């Protein structure tokens, strides 16, 4: 067993926030006495990542994912617990450590707004001391993989969200980090762009053996990239294991949306009827029976349209959480 | 060392490109830098004429020399970092900077220097034009120009280091504009911006000697006007060096604590 690239043990992060009631009286009172409240954003999580692993880091909004990523990349100081990445303590922000990692946040930009992305790339070459040869080669590869040719020379402010995201990712990977933290890399992007970025992440991992920890609200991202997932909720670890196992274990159902044009039909014999609006039924069916039920629906009823879906990731997590507290 | 040279070369290229994008902003800063001393110049010249040609040890034409020189010195030494730091913290660009394996101060130095290289020729032309209008009494000896180079560089270094340090107040408070206001008032009076320091009461002059502000603006101006003897100039450079060292120490200490606070409360 190789030693882990990322090691987290009993990690805590507590924020102290001040709060007060609304109104003038409360405002005056808060001048003299501030009420503070401690909020545990991360509340004792532990997991390791082996070299070259791509792990999905899941949880609803406010679960503590971003806080954890920030502790892993050295932006936040943990309140308690151990973190080590590539043998470094992240918050010390040693240069050698910073040169080996990248944190890409979906909505933050490290590219300089008013000038072409290529200029920001050149600056990164100097900042990370990338040898010119390596830089040229990698830039050519990234340009090809992410199809950047036509966007590199335009000012960043004129790029679309998707084009900008591709440039952000390229900028973050020019120094070929061995550890990459991706926080919602596909948020707000259209399906084609999501797929391209997904393919690219897989390719980067394959080619450079990079260890990748990725958060996403898109189940498709996680399914395409991650064999293993770590699920947290309210700062606590709820699940750590194979994605297949998670889905099997916590969502033994599929959803079938079937458009019949009318809500008069009785579909109770096919599965659990969740709802019916404007003639569209939503059925919940045990996974193993999906194919059989679909077949029956199509054979028995005047189906206009039919769609089989996995429950959304939030629902999976909700189930994991429900299971945990039950 | 080679890596740092390379970094600066690239930083300059980048910030040059940026500054050329910000032409309008630079022009507005420049207008401000021309108008402010111009107003003082007109006020003091008028005061001098109405009092028989001089106020204190400054004649009308010496006021013109003082404020036109000050225009250039102020332009060479100013920074806008105190307005920008809070924005960086609020909008997360500081986080991006902290993830890079170089200190964020390097990009600020490059920004400042390149913006000045772009605007300085225009400022010199404007000052020369105003000189035709106001007939400044300016005839410095050649050694002054030589001495002015290190003195101006040191003046910029002091102002940059102190303003960079003060800007970090944004790590602890959201009301940095109040701090900025106090600072700018102190600079206005104690650096020689609003009037030559020799026109102030003795107590203010002593205070100015012992505070950093005069060494950012007033001292280089007086040197260029030929009002400072060579020995005084040498001592002055010594004082400037001392302020630079103190500024560096302060900046490092505040930065270390600031980043610690930042990473404790949520980057």
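Listed here are the residues, each with its yes/no results for (1) outside any helix (DSSP H, G or I); (2) at pLDDT 95 or above; (3) over 23 Å from the mean Cα position of the chain (by Cα).
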{"residue": "A:110", "(1), (2), (3)": "yes, no, no"}
{"residue": "A:113", "(1), (2), (3)": "yes, no, yes"}
{"residue": "A:145", "(1), (2), (3)": "no, no, no"}
{"residue": "A:149", "(1), (2), (3)": "yes, no, yes"}
{"residue": "A:153", "(1), (2), (3)": "yes, no, yes"}
{"residue": "A:165", "(1), (2), (3)": "no, no, no"}
{"residue": "A:187", "(1), (2), (3)": "yes, no, no"}
{"residue": "A:193", "(1), (2), (3)": "no, no, no"}
Query raised in the report: Considering only helices (runs of 4 or more DSSP H) fully contained in region B:1-80, which possess at least 1 residues that are over 30 Å from residue A:114 (Cβ atoms) and away from every other protein chain (no Cβ under 14 Å)?
Result: B:23-50, B:60-77
Query raised in the report: In region A:119-138, which residue that is at the interface with chain B (Cβ under 10 Å from one of its Cβ atoms) and in a loop (DSSP other than H, G, I, E, B) is nearest to the chain's Cα centre (by Cα)?
Result: A:128
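In this structure, is residue B:141 in contact (Cβ under 8 Å) with a residue 40 or more places away in the chain and more than 16 Å from residue B:76 (Cβ to Cβ)? Even if it seems obvious, please write down each step before you answer.
Numbers: in contact (Cβ under 8 Å) with a residue 40 or more places away in the chain: yes; more than 16 Å from residue B:76 (Cβ to Cβ): yes.
Judged against the criteria, residue B:141 is a match.
If you check residue A:163 against the conditions, is it away from chain B (no Cβ under 14 Å) and over 25 Å from residue B:91 (Cβ atoms)?
On the way: away from chain B (no Cβ under 14 Å): yes; over 25 Å from residue B:91 (Cβ atoms): no.
Taking the combined requirement at face value, the residue does not satisfy it.
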Query raised in the report: Residues in region A:93-105: is at least one at pLDDT below 90 and within 14 Å of another protein chain (Cβ to nearest Cβ)?
Result: yes
Query raised in the report: Has region A:211-223 got at least one residue that is closer than 18 Å to residue A:69 by Cα, in a strand (DSSP E or B) and more than 14 Å from the chain's Cα centre (by Cα)?
Result: yes
Report task. With respect to residue A:160, determine if the residue is assigned by TED's automatic domain parsing to the domain that holds residue A:53 and free of Cβ contacts under 8 Å to residues at least 12 places away in the same chain. Result -> yes
Query raised in the report: Residue check: is residue A:69 within 14 Å of chain B (Cβ to nearest Cβ), in contact with a helix residue (DSSP H, G or I) (Cβ under 6 Å, 6 or more places away or on another chain), crowded, with 19+ Cβ neighbours inside 10 Å and not in a strand (DSSP E or B)?
Result: no
Requested in this report: Pick out the one residue from B:152, B:130, B:120, B:161 that is more than 30 Å from residue B:54 (Cα to Cα), modelled with pLDDT of 95 or more and part of a helix (DSSP H, G or I).
Outcome: B:161
**Report entry** Close pairs (9 angstrom Cβ cut-off, 6 or more residues apart or separate chains): exposed (fewer than 15 other Cβ atoms within 10 Å of the Cβ) in region A:245-270, in a helix (DSSP H, G or I) anywhere
**Finding:** A:248/A:287; A:252/A:287; A:252/A:288; A:269/A:296
Report summary line: Every listed condition ((1) more than 12 Å from every other protein chain (Cβ to nearest Cβ); (2) within 29 Å of residue A:61 (Cβ to Cβ)) holds for residue A:151 save (2)
Query raised in the report: Looking only at region A:172-184, which residues are under 19 Å from residue A:138 (Cα atoms) and either surrounded by 21 or more Cβ atoms within 10 Å (Cβ to Cβ) or not assigned by TED's automatic domain parsing to the domain that holds residue A:104 (or both)?
Result: A:172, A:173, A:174, A:175, A:177, A:179, A:180
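Does at least one position in region A:28-38 carry a residue that is surrounded by 14 or more Cβ atoms within 10 Å (Cβ to Cβ) and within 14 Å of chain B (Cβ to nearest Cβ)?
Residues of region A:28-38 surrounded by 14 or more Cβ atoms within 10 Å (Cβ to Cβ): A:29-30.
Filter once more, so that each one left must be within 14 Å of chain B (Cβ to nearest Cβ): none.
No: zero hits.
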Query raised in the report: Can you find even one residue in region B:90-99 that is within 19 Å of residue B:160 (Cβ to Cβ), within 14 Å of another protein chain (Cβ to nearest Cβ) and buried (at least 20 other Cβ atoms within 10 Å of the Cβ)?
Result: yes
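The values are calculated or read from the model by the stated rules, or taken from the named source; none is laboratory data. Predicted model, so just to flag it, every value in this text is computed and none were measured. Don't worry about glycine lacking a Cβ; one is built from the backbone with ideal geometry, like all the others, and counts go over all protein chains shown.
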